[in-house]
Every structure is written in C-alpha cells, then in structure tokens.
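A.B. asks: So that we are looking at the same thing, I have put the structure below in structure tokens.
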Amino acid sequence: MKVLAVLLMVMLLNQQVQCAPKKINTDFLNLLSSKTNLKSSYDAIQAIVTLLTDLIGANIEAQEKADFTWQRFEQAILKDINELSGIVNVNSKAAATAQTDLEAVSVKIAQTVDYLNWNEKRYKSNVNKLDNLAEQRCEGNSLFIDTLREYKNAISVLDWVRSDAQNKQSLVEKGKVGDYAEKLSKYANLFEEQALQDFVKLGEEEQAFTQMRQRGNGEQLAELTAKDIVGIVQSLIDKLRETIKGLEEQEIKSANDFADFKTNLLAEQESLKQEYDAKAKFLNSLQNDKELAQDILNKKKEIQDQSMRILALTQEQYNYKRNLYNSEKAKRHEENQLLEEALLIYKEKIATVNEYLKKRVNEYVGESLIEEHAVSKQQPVQQRKGKALRDDE
C-alpha cells in the first residue's frame with residue numbers, strides 16, 4: 001500500500017512538472033516557494049526520494065531474508081523428501097516381500113490340497129485293489145481246492161486199478177484194461193495225453209500180451225502181465241502226485257505273495273492315513289498362515305500408502321512454497337523495478353523543481369536582506385525628521 005501511495009504521489013508530481021523546465025507550472029512552483037510552504041514543500045520532495053529509496057532497500061532486505069529463510073526451508077524439506085523417499089522404498093520392499101510370502105503360502109496350500117486329493121484317491125484305489133485281490137484270492141483258493149480234490153480222486157482210482165491189477169496176480173485180461181481206461185478217462189484232463197494213450201494201447205497191441213488161453217466157452221482172451229499194468233499206473237500216480245506238489249507249492253507261494261502284498265498295501269494305507277492327517281493339519285496351519293500373511297500384507301500396504309501420501313504431501317508443500325517464494329521474489333523484483341523507474345523519473349523530471357526551489361530560496365533570502373537594510377536606513381532619517389520638528393518647536 002505504501003508503494004502504491006508513493007507511486008500515485010510521484011505520478012501527480014510528475015503530471016504537474018512533466019513539461020519542466022520550459023513549461024513548468026509557475027503557480028505550482030510559486031505555491032511551493034511561498035514563504036509559508038517553501039521549506040515544507042522542499043522537505044516533502046526530499047521525503048519522497050527517501051521513501052522510494054527506503055522502499056527499494058526494504059524490498060531488497062525482505063528478499064534477502066526470504067532467500068535465507070527459503071534456503072533453510074528448502075534444505076530441510078529436501079532432506080525430509082530424501083528420507084521419506086527412502087522410507088517409501090523400504091516400505092515398498094516390505095510390501096513386496098509380504099506379497100511374495102503370501103504367494104508362497106498360497107502355492108504351498110495348492111500343493112497340499114493336490115497331495116490330499118492324490119492321497120485320498122490312492123487310499124480308495126488301494127481299498128478297491130485289496131477287495132478285488134481278496135476276491136480273486138478266494139476264487140483261486142476255491143479253484144485250488146477243487147483241483148486238488150480232483151487230483152486226489154484220480155489218484156484214488158489209480159490206487160484201485162493198481163490194487164485190482166495186483167490181485168490178478170500175473171495176468172490181466174484185455175477187456176479189463178479197457179475197463180481201467182474207461183474209469184480213468186473222466187480224469188483225462190489231469191494226465192499227460194501221451195501217458196493215457198500208452199495205457200490204452202496196452203490192450204490193443206498183441207505183442208504186449210505174453211500168453212493166450214482158452215476159456216470154457218472157447219473165447220480167446222488176451223492177457224497182460226500184472227506188473228505191466230502196475231508199472232504204468234504207478235507212473236501215472238507219481239506224475240499226479242508231482243503235479244499236486246507243484247500246485248500246492250504254487251498255492252502256498254500265491255498265498256504268501258498275497259499276504260505280503262496285503263501287508264505292504266495295508267502298511268501303505270496306514271502311511272497314507274497318517275500323512276493325510278498330518279497334511280490336513282498342515283493345511284489348516286497354512287490357512288492360518290495365509291490369513292496372517294494377508295493381514296501383514298494389508299498393514300504393509302497401508303504403511304506404504306501412508307508413507308507415499310506423506311511424501312506426496314511434503315512434495316506438494318515444497319512445490320507450493322517454492323512457487324510462493326518465486327512469486328514473491330518476482331513481485332518484489334517487479335516492485336523494485338517500478339520504484340527504481342519512479343525514482344529515476346523523479347530524479348530526471350523533478351530535479352528541475354528542486355533547483356528552482358533552491359533558486360527561489362536564495363532569492364527569498366536576498367530580498368529579505370535588502371528589506372532589512374532599507375528599513376535600517378529609513379529609521380535614522382525618520383529619527384532626524386523628528387528631531388528637526390522638535391527643534392523648530
């Protein structure tokens with residue numbers, strides 16, 4: 001406001017004397033140089049010069065203080081911004097780490113769920129496998145028993161044939177051999193085909209008979225020696241017994257294999273169950289870890305956002321203060337330019353008024369001295385005139 005008031009005053013003065021010295025407003029100068037206003041007008045003009053100079057100096061001093069204040073503020077706030085940037089960086093890394101931890105827990109949960117699903121399928125598959133193998137083993141055992149019974153029945157028949165042949169002492173009729181073969185034919189699947197054929201041929205080949213004899217009815221009968229029949233039958237019995245032994249050994253091995261497989265499978269089932277229970281607990285723990293990791297991530301992100309907001313506000317404050325500082329600086333610079341221009345104009349155009357006023361002052365002082373001298377001279381004349389009049393009287 002002071003600057004504007006001074007500028008207005010200077011403009012008014014400038015308007016009054018803008019044509020000086022040739023076209024100077026003599027009324028204005030006379031007014032300034034009157035006896036009453038001469039000194040005060042001169043002092044007012046000098047006061048304007050002093051005021052303009054003081055305002056320029058005040059603006060320079062204010063700008064210096066503002067520069068000092070700004071430098072301290074800028075140094076401090078840039079330090080804060082740098083520290084806040086470091087904090088934001090640390091918080092961002094912490095949030096990223098928390099995100100990685102959460103993802104790692106999620107991956108573990110997915111892997112654990114996959115394992116539990118596999119474990120459950122494997123357990124059910126083993127249960128079905130055990131049931132199927134147990135059923136197959138039962139069927140195989142039943143088949144073995146039936147087969148063993150059949151073999152033993154065949155051996156019983158062979159034992160009878162052997163006993164019967166031995167009772168014939170030395171000779172066996174050809175027809176009897178056919179009866180033997182017929183009894184054994186029902187077990188043909190148990191014998192080797194060649195062995196049974198050899199037995200049947202005993203009654204068909206004439207060279208196999210050692211004697212021929214005539215019965216009462218005149219029928220010729222071929223007879224075999226008992227030892228031939230007994231030898232072949234014993235051979236068949238031995239082969240069947242060997243086969244039975246193989247079947248029994250195979251059955252025992254199958255039973256042992258099934259028992260071992262069942263034992264191993266049951267052990268695997270127990271292990272699967274224990275692992276399932278452990279993984280289920282682990283999954284529950286992972287779910288809790290995931291909730292905790294999510295909470296940590298939320299807090300880390302919240303801290304990160306807060307630090308970023310503080311940094312943004314600090315940066316915004318710095319930008320605002322910097323813009324305000326630059327604006328005030330430009331304003332003071334502009335004011336000083338105006339003040340300096342006004343001062344220059346005043347010095348150039350109002351200087352004439354100053355010189356005129358000095359001249360008028362000098363003239364005024366000279367006239368005052370002359371008047372005082374004239375008065376001093378006139379006073380003795382009057383005194384002489386008065387004395388002359390008194391003398392005439």
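The values are calculated or read from the model by the stated rules, or taken from the named source; none is laboratory data. These numbers were taken from a predicted model, which means no experiment stands behind them. Cβ atoms come from the backbone with ideal geometry, glycine included; neighbour counts cover every protein chain shown. Ligands, DNA and RNA are stripped out before the accessible areas are found, and what is left, the full protein with its side chains, is counted by its heavy atoms. Shrake-Rupley method; radii C 1.70, N 1.55, O 1.52, S 1.80 Å.
A.B. asks: Just to be sure before I move on: is Glu251 more than 43 Å from the chain's Cα centre (by Cα), in a helix (DSSP H, G or I) and surrounded by 12 or more Cβ atoms within 10 Å (Cβ to Cβ) in the structure I sent?
C.D. replies: So Glu251 fits the description; yes.
A.B. asks: Continuing with this model, one more query. Residue under question is Glu328, and the condition is that it be at pLDDT below 90, in a helix (DSSP H, G or I) and acidic (Asp, Glu); does it hold?
C.D. replies: no
A.B. asks: Please work out which residue is farthest from the chain's Cα centre (by Cα), limiting yourself to region 44-68 and to residues that are farther than 16 Å from Ala330 by Cβ and loosely packed, with under 12 Cβ neighbours inside 10 Å.
C.D. replies: Ranking the candidates gives Gln46 first.
A.B. asks: Here is a further query. In the list Leu8, Leu38, Leu13, Leu32, which residue meets the criterion of being at pLDDT below 60 and loosely packed, with under 12 Cβ neighbours inside 10 Å?
C.D. replies: When all the criteria are applied, what remains is Leu8.
A.B. asks: With the requirement that a residue be within 35 Å of the chain's Cα centre (by Cα), open to solvent by 90 Å² or more (accessible area, probe 1.4 Å) and free of Cβ contacts under 8 Å to residues at least 24 places away in the same chain, what does region 260-292 give you? Before the answer, list the steps.
C.D. replies: First pass over region 260-292, keeping only residues within 35 Å of the chain's Cα centre (by Cα): 272-292.
Of the ones still in play, those that are also open to solvent by 90 Å² or more (accessible area, probe 1.4 Å) are 273-274, 281, 284, 291-292.
Of everything in region 260-292, those that are within 35 Å of the chain's Cα centre (by Cα), open to solvent by 90 Å² or more (accessible area, probe 1.4 Å) and free of Cβ contacts under 8 Å to residues at least 24 places away in the same chain turn out to be Gln274, Lys281, Asn284, Glu291, Leu292.
A.B. asks: Which one of the conditions (1) closer than 30 Å to Thr243 by Cβ; (2) of a type in the set (Ser, Thr, Tyr); (3) open to solvent by 50 Å² or more (accessible area, probe 1.4 Å) does Thr147 fail to meet, given that it meets all the rest?
C.D. replies: (3)
A.B. asks: Right, next: Look at Ala76 and say whether it is open to solvent by 40 Å² or more (accessible area, probe 1.4 Å), modelled with pLDDT of 90 or more, out of contact with any Gly (no Cβ under 7 Å at 6 or more places or on another chain) and small (Gly, Ala, Ser).
C.D. replies: yes
A.B. asks: Among the numbered conditions (1) modelled with pLDDT of 50 or more; (2) open to solvent by less than 40 Å² (accessible area, probe 1.4 Å); (3) out of contact with any His (no Cβ under 9 Å at 6 or more places or on another chain), tell me where Ala20 comes up short.
C.D. replies: (1)
A.B. asks: If you don't mind, there's one more thing I want to ask. Are there any pairs with C-beta distances below 7 angstrom linking a residue in region 134-148 that is touching a residue at least 60 places away in the same chain (Cβ under 8 Å) to a residue that is among the hydrophobic types (A, V, I, L, M, F, W, C), with the two at least 6 apart or on different chains, and if so which?
C.D. replies: Arg137/Phe258; Phe144/Leu247; Thr147/Leu247; Leu148/Ile244; Leu148/Leu247
A.B. asks: Please verify whether Gln194 is out of contact with any Lys or Arg (no Cβ under 7 Å at 6 or more places or on another chain), closer than 30 Å to Lys253 by Cβ, assigned to a helix (DSSP H, G or I) and modelled with pLDDT under 80, treating the condition exactly as stated.
C.D. replies: The answer is yes for Gln194.
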